[in-house]
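Chemist: Could you have a look at this structure, given as structure tokens, before my questions?
The values are calculated or read from the model by the stated rules, or taken from the named source; none is laboratory data. Please read these numbers as outputs of a predicted model, since none were measured by experiment. Glycine gets a Cβ as well: all are built from the backbone with ideal geometry, and neighbour counts include every protein chain shown. Each accessible area value is taken on the protein alone, full model and side chains, heavy atoms only, with ligands, DNA and RNA left out. Shrake-Rupley method; radii C 1.70, N 1.55, O 1.52, S 1.80 Å.
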Amino acid sequence: MKRIGILTSGGDCQGLNATIRGVAKTLYAHYGDNVKIYGIIDGYRGLIYGEYKEMKPEDFSGILTRGGTILGTSRQPFKLMRVIDETSVDKVKEMKRHYQEMKLDCLVVLGGNGTQKSANMLSEEGMNVIGLPKTIDNDLWGTDITFGFQSAVDIATNVIDCIHTTATSHGRVFIVELMGHKAGWLTLHAGIAGGADVILIPEIPYDINSVINTVKERTKSGKNFSIIAVAEGAITKEVAAMKKKERKAAIASLAYPSISYKIAHEIEEATGQETRVTVPGHFQRGGSPVPYDRVISTRFGVNAAKLIIEEKYGYLVAMQNDRVVPVPLKEIAGKLKSVPPDCDMVKEAKMLGISFGE
Ligand code: F6P
């Protein structure tokens, strides 16, 4: 009898259920009744506190298109994993204990950066672990793409499309703030897909005067509106030049609800043009996965099951050059895949006339 545990951890996204389904269906197809799948509730929290349930094949039916996660999720920061909390719980010890209690052959972990860092730690602690690449941020090292990303790009692009029509009618500047504290992939893709005039991402610090000039130039050339796609983690050149501690303090002490409101205020002051902010927020992580995500989620899930069948553990299932490949967790743990400021996509966007506020 094979015993497999599955958990989803960190921020949710589209494609989690499609991936879980891919793993489960493949395992049932291969092992028939000789496999038991345990659903661990709310991510690592369930593994720490022993909250899990035995799943049945029908639990995995009808979930391909369903958003969110049927298992629930939570954020359990990696840096606190080895910290004994106020309830005196030794988290790592407890996770090992529950892994043994379920007699698991493998723990399948769906998650982003922090989650895979913890997955690697558990692998180093002797557990058999397989990671699956989830996040709308697409910032996981070792894989060209994560599931959830294209669905979020779809939603974010729709937001920009809708903003376009109202911006034109009113002759306004619009800032659309998209998710991504550390990586600007979502803003870059949605910005290009939505025809943004300015794209501001954390990897390319901006100068507000450059942004203002772009808006003024557009007005001069007869365009009565401007669309600015801003990643929530966008920073000015000035802040980027600060030491880490200073920078953190500067970001934390921002006198606006978010960076976009500051940018909007500065543009309005300098140009006199009405400037509005739209923040779709968690909307970007909700709803059904787009077909592309359903396909890669299914492929990722099948390949995770394949690794289980082959008893190959300690890997992240990744996409590289359109092939699904296993990448050692220890090679990717703790590494962020950010947008290279000189990558082709940024260069092409610049050639098109999109400003990055430099
Ligand atoms: O990592 C995914 C993500 O959606 C980020 O883009 C965003 O900054 C963050 O999660 C939001 O976190 P929370 O759901 O905890 O507010």
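Chemist: From Met81, Met1, which residue is away from the ligand (no atom under 16 Å from the Cβ), open to solvent by 70 Å² or more (accessible area, probe 1.4 Å) and closer than 23 Å to Leu122 by Cα?
Modeler: Residue meeting the stated conditions: Met1.
Chemist: Same structure again: Is there any pair with a first residue in segment 9-22 that is over 17 Å from Glu58 (Cα atoms) and assigned by TED's automatic domain parsing to the domain that holds Lys306 and a second that is away from the ligand (no atom under 16 Å from the Cβ) and of a type in the set (S, T, N, Q) whose Cβ atoms are under 7 Å apart and which are 6 or more apart or on different chains, and what are they?
Modeler: Every condition considered, the pairs that remain are Gln14/Ser288; Gly15/Ser297.
Chemist: Going through Gly67, Gly112 one at a time, which residue ends up being over 22 Å from Leu316 (Cα atoms) and either within 16 Å of the ligand (Cβ to nearest atom) or at pLDDT below 95 (or both)?
Modeler: Only one candidate qualifies: Gly67.
Chemist: Output the number of the condition that Lys220 fails; it satisfies all remaining conditions of (1) free of Cβ contacts under 8 Å to residues at least 12 places away in the same chain; (2) on the phi > 0 side of the Ramachandran plot.
Modeler: (2)
Chemist: Moving on. Given the criteria part of a helix (DSSP H, G or I) and within 16 Å of the ligand (Cβ to nearest atom), does Lys182 qualify?
Modeler: Spelling it out, it is not the case that Lys182 is part of a helix (DSSP H, G or I) and within 16 Å of the ligand (Cβ to nearest atom).
Chemist: Check off (1) surrounded by 15 or more Cβ atoms within 10 Å (Cβ to Cβ); (2) assigned by TED's automatic domain parsing to the domain that holds Val159 for Gly281 and give me the number that stays unchecked.
Modeler: Here Gly281 meets the rest and fails (1).
Chemist: Among the residues of segment 180-189, what is the count of those that are buried (at least 24 other Cβ atoms within 10 Å of the Cβ) and farther than 12 Å from Ala349 by Cα?
Modeler: Matching residues across segment 180-189 total 6.
Chemist: Looking for whichever is in contact with a Phe, Trp or Tyr (Cβ under 6 Å, 6 or more places away or on another chain), open to solvent by 60 Å² or more (accessible area, probe 1.4 Å) and not aromatic (Phe, Trp, Tyr) here; the options are Lys96, Lys117. Which one fits?
Modeler: Lys117
Chemist: Right, next: Quickly run through segment 101-120 and pick out the residues that are acidic (Asp, Glu) and either touching an Asp or Glu at 6+ places or on another chain (Cβ under 9 Å) or closer than 19 Å to Phe300 by Cα (or both).
Modeler: Listed by number, the list holds a single entry, Asp105.
Chemist: Quick one: in segment 4-50, which of the residues that are of a type in the set (Gly, Ala, Ser) and assigned to a loop (DSSP other than H, G, I, E, B) is nearest to the ligand (Cβ to nearest atom)?
Modeler: Checked segment 4-50; the qualifying residue nearest to the ligand (Cβ to nearest atom) is Gly11.
Chemist: Would you be able to tell me the number of residues in segment 185-218 that are out of contact with any Pro (no Cβ under 7 Å at 6 or more places or on another chain), within 16 Å of the ligand (Cβ to nearest atom) and either not assigned by TED's automatic domain parsing to the domain that holds Arg247 or not hydrophobic (A, V, I, L, M, F, W, C) (or both)?
Modeler: Going through segment 185-218 one residue at a time, the tally reaches 4.
Chemist: Give me the pairs: first residue in segment 115-135 and among the small types (Gly, Ala, Ser), second residue not in a helix (DSSP H, G or I), beta-carbon distance under 6 Å, and six or more apart or on different chains, which are they?
Modeler: That search, which allows pairs on different chains as well, returns Ser118/Met81; Ala119/Val109; Ala119/Val129; Ala119/Gly131; Ser123/Val129; Ser123/Gly314; Gly131/Val109; Gly131/Leu316.
Chemist: Please specify each residue of segment 164-190 satisfying the condition of being free of Cβ contacts under 8 Å to residues at least 40 places away in the same chain and over 13 Å from Ala152 (Cα atoms).
Modeler: Thr165, Thr166, Ser169
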